[in-house]
Ligand SMILES: Cc1ncc(COP(=O)(O)O)c(C=O)c1O
């Protein structure tokens, strides 16, 4: 495969001024990550600071109800509440070894911002987080967390005031700050080498889960499901299973309100190829190629694009990409809370919603593994409002 590409997708479509820091990062991945005890140091942080390995948890009540054998990979139990910390510890450590003294980041749901702020504090780096003004309002608890962890949070008022605009602002800021600052990108998307770098740091999810399923059930799962925003928790979960032909992989995109013609975030299912944020991938766009605003009850899935590796896996057919809408995710959230005593993030609830909707079509007793990418505490205000509680 051509370097920087997954099939036809990927690449590095950025202004000339951003090429030097991306080339520097590419070199650091080759020179620093395999050497200097980097892996041992990162493994230590993941274990003692973040709380890896995360367990897999069986769901006896839902399994009985659905006639399947349902398991969850518990990334919600990690420090800061989601899988995002796997990536931020990796990038913060790499930045430090590259001699940088500061991190900038974008955030949607606030989880990546909180995880970046925590990793920066732990490793003695300054931290600035760009966040769409709408997300600042709907994820206010995470904004408070970032500030308490010592980060500067800068609301972005341009465009749709969500994740897309936060990424634009962070990329612009990186141009002038590149000599001292690393851009800690939050998902497996963006210009090369970010899709590779983020997948590298998130692949621990699938490596652990594969071994844990073999140990606990004596077999691989029949089906593995994960929610897809930019795509980092899903690619992290899927990667170890891609060579296992017997394992079906399903990524779940956000369908928004679910009404035909209304805004959504299902860029693989409803988009077309184009360029955004430095990569060629599947995008929600109008007939002139202008990016359409996305919409989802879940801030972390509210993005009009997707990482290029997912676009490629969809094209080759190795991964199927389904859609769950807001109301299905809210229903899945409630059912997991009440049946199993676990409060999932709204993002992860989309993955579960797919399983709840489709379970009747699975062979009886199918082993199903869902990536529970984060915990739902951050979403309580939205959920109470949506459900009228
Ligand atoms: C808990 C959780 N899950 C999933 C996502 C979606 O991101 P990604 O597709 O990169 O995993 C987010 C994004 O903020 C998140 O906070």
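Only the coordinates and a few stated rules stand behind these numbers; no lab work does. Treat the numbers as computed from the prediction; the structure is a model and nothing was measured. Cβ placement follows ideal geometry from the backbone for every residue including glycine, while neighbour counts extend to all protein chains displayed.
Rounded if a/c is under 1.5, else prolate if a/b is larger than b/c, else oblate: which is the range 16-171, with a ≥ b ≥ c the root eigenvalues of its Cα gyration tensor?
oblate
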Can you give the angle from 0 to 90° between the axis of helix 19-31 and the longest principal axis of the chain, with both taken from C-alpha atoms, to the nearest 10? 70
Calculate the spin-label point distance for residue 19 paired with residue 177, positioning each point 7 Å from the Cα along the beta-carbon direction, and give it in nanometres. 2.4
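Suppose R0 equals 35 Å. What FRET efficiency, 1/(1 + (r/R0)^6) with r the Cβ-Cβ distance, do residue 147 and residue 1 give to the nearest 0.05? Could you put the intermediate results ahead of the total?
On the way: r = 42 Å, r/R0 = 1.20.
Result of the calculation: an efficiency of 0.25.
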Quick check: the distance between the Cα centres of the range 243-316 and the range 321-389, to the nearest angstrom? 19
Between residue 385 and residue 320, the FRET efficiency computed from the C-beta separation at R0 = 25 Å comes out, to the nearest 0.05, as 0.20
Tilt relative to the chain, helix 163-177 - C-alpha long axis, 0 to 90 degrees, to 10: 20
Can you give the angle from 0 to 90° between the axis of helix 346-358 and the longest principal axis of the chain, with both taken from C-alpha atoms, to the nearest 10? 30
If you split all Cα-Cα distances of the range 224-375 into 5 Å bins from zero, what percentages do you get per bin, shortest first? 2, 11, 20, 23, 20, 14, 7, 3, 1, 0
For residue 216 and residue 48, extending 7 Å from Cα along the Cα-Cβ vector and measuring point to point gives, in nm, a value of 2.7
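For 337, 12, what ranking results if the residue with the fewest other Cβ atoms within 10 Å of its Cβ goes first?
Details: 337 15, 12 20.
Fewest to most other Cβ atoms nearby, the residues stand as 337, 12.
Please give the peptides 324-331, 282-289 ranked by average Cβ packing (other Cβ atoms within 10 Å per residue), highest first, as a rough proxy for protection. Before the final figure, lay out each step's value.
On the way: 324-331: 21.8, 282-289: 16.0.
Going from most to least packed, we get 324-331, 282-289.
If each residue of separation counts as 0.36 nm, what is the full-extension length gain between residue 357 and residue 35 once their alpha-carbon separation is subtracted? Please report the intermediate quantities before stating the final value.
Values: separation 322, 0.36 × 322 = 115.92 nm, distance 4.63 nm.
Between residue 357 and residue 35, full extension yields an extra 111.3 nm.
Please state the shape class of the chain: rounded when a/c is under 1.5, otherwise prolate if a/b exceeds b/c and oblate if not, all from the C-alpha gyration tensor.
Numbers: a/c = 1.40, a/b = 1.28, b/c = 1.09.
In terms of gyration-tensor shape, rounded.
Would you mind ranking 187, 316 so that the residue whose beta carbon has the fewest other beta carbons within 10 Å leads the list? The partial results should precede the final answer.
Details: 187 30, 316 9.
Listing 187, 316 from fewest to most nearby Cβ atoms yields 316, 187.
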Give me the one-decimal nm value for the distance between modelled label points at residue 269 and residue 158, 7 Å along each residue's Cα-to-Cβ direction. 3.1
Within the range 350-389, the residues whose backbone N lies under 20 Å from a label point placed 7 Å from the Cα of residue 338 along the Cα-to-Cβ direction are 350-360, 376-377, 379-389
